Amino acid sequence: MIEVQGLTKRYGETVAIDDVSFQVARGEVVGFLGPNGAGKSTTMRIIAGSLGASAGTARVGGFDVADDPRGVQAILGYAPEVPPVYTNMSVRDYVTFAATLKGVDDVSAATKKALGRVGLDKVAHRLIEHLSKGYRQRVGLAQALVHDPKVLVLDEPTSGLDPAQRVEIRNLLAELAGGDRTVVLSTHVLGEIEAICSRVIIINKGRIVAQDELSRLSAVGRAVKIELARPGAEALAALQAIPGVSNVTQIDERYVVHGDSDLREAVSRVAVPFGLLEMAGRERLEDIYLRLTTGGAS
């Protein structure tokens, strides 16, 4: 449904994204992760047609973003991190305006449905400038949903929401992701990715550093997390010497041992003399993210 090939964006001598390529299948829900400034929003804006690329191509539903932006806009809903709202309009008027721009057949019905979906019914009459940041996020999400798009590109959709509101929007996103709808979700809340997404794409310094199913990224035994009572250079060397180990990352008394096979038995045998306090046989998404973007582990 989404095909990105060799996408590059330059601002003078600064390269925001560099040769980015990935695909998202119809009905797939993909988490797009990366540190601030890594190129997430730039990539999403190009896919949505709000920013031109310096090189490469992006296609949505078979439509080329650069050559046929209207075709893309008809099937894609985009909610940027900062909602593009007119603050002097009421919530209902703004969503109605968005529905009209998108050529919805029954504007009134579509507006009512979108407002209900994101929990804006009770504030639909209020001016957007009088809303909290969380409610403005909901307005941005409503305009992205109002034409019932087949593809959703959401950049930090729960930014500014309190925990209860996050749960509500998370449940909504899980509902929207059912069936044939394709969703690309960028967020710093890794729990949302784990709850909703089946696959993740991780970008760092403008380049894709990983893309795979969550279950494969955190395969049991291939990344073993341990805590030692007596950490140090000797323990690190012993862990690095285990056959099949490709990398060991350390922060204080904690280590994550990486390899291409099940390392649990070998790691436990080596770690016991150093006072093995805890061992987990599955790397968390947080650990994977930190390893790929900072070289550390939590």
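Where a number appears in this text, it was derived from the coordinates with a stated rule and is not lab data. Since this is a predicted model, take the numbers as computed values, not measurements. Note that we place each Cβ from the backbone using ideal geometry, even for glycine, and neighbour counts take in every protein chain shown.
Positive contributions from Lys and Arg (+1) and negative ones from Asp and Glu (-1), summed over other residues with Cβ under 9 Å from the Cβ of residue 187, come out at -3.
A DSSP coil position with no more than 12 other Cβ atoms inside 10 Å describes the following GluC sites (Glu not before Pro) in the stretch 1-57: 13.
Just how many % of Cα pairs in the stretch 172-251 lie over 19 Å apart, if you round to the nearest whole percent?
57
For the stretch 218-293, the relative contact order works out to 46 percent when only alpha carbon pairs closer than 8 Å and six or more residues apart are counted.
For the stretch 1-152, relative contact order (Cα pairs under 8 Å, six or more residues apart, normalised by length) works out to 22 percent. Output the 0 to 90 degree angle, nearest 10, between the alpha-carbon long axis of helix 133-145 and the longest principal axis computed from the alpha carbons of the chain. Between the helix axis and the principal axis of the chain, the angle is about 70 degrees.
Binning all Cα-Cα separations of the stretch 78-138 at 5 Å, short to long from zero, yields these whole-percent fractions: 4, 20, 31, 28, 14, 3, 0.
Explain nothing, just the number: relative contact order of the chain, from Cα pairs under 8 Å at least 6 residues apart, as a whole percent.
Details: 613 pairs, mean separation 56.0, N = 298.
The value is 19 percent.
The count of lysine pairs in the chain that are at least 8 places apart or cross chains, and whose C-alpha atoms lie under 29 Å apart, stands at 25.
Mean silhouette area of the stretch 2-216, derived from the convex hull of its C-alpha atoms and averaged over all directions, reads 11.6 nm². Where only DSSP H runs of four or more residues are counted, the chain gives -9500 deg cm²/dmol as its mean residue ellipticity at 222 nm, each run worth -39500 (n - 2.57).
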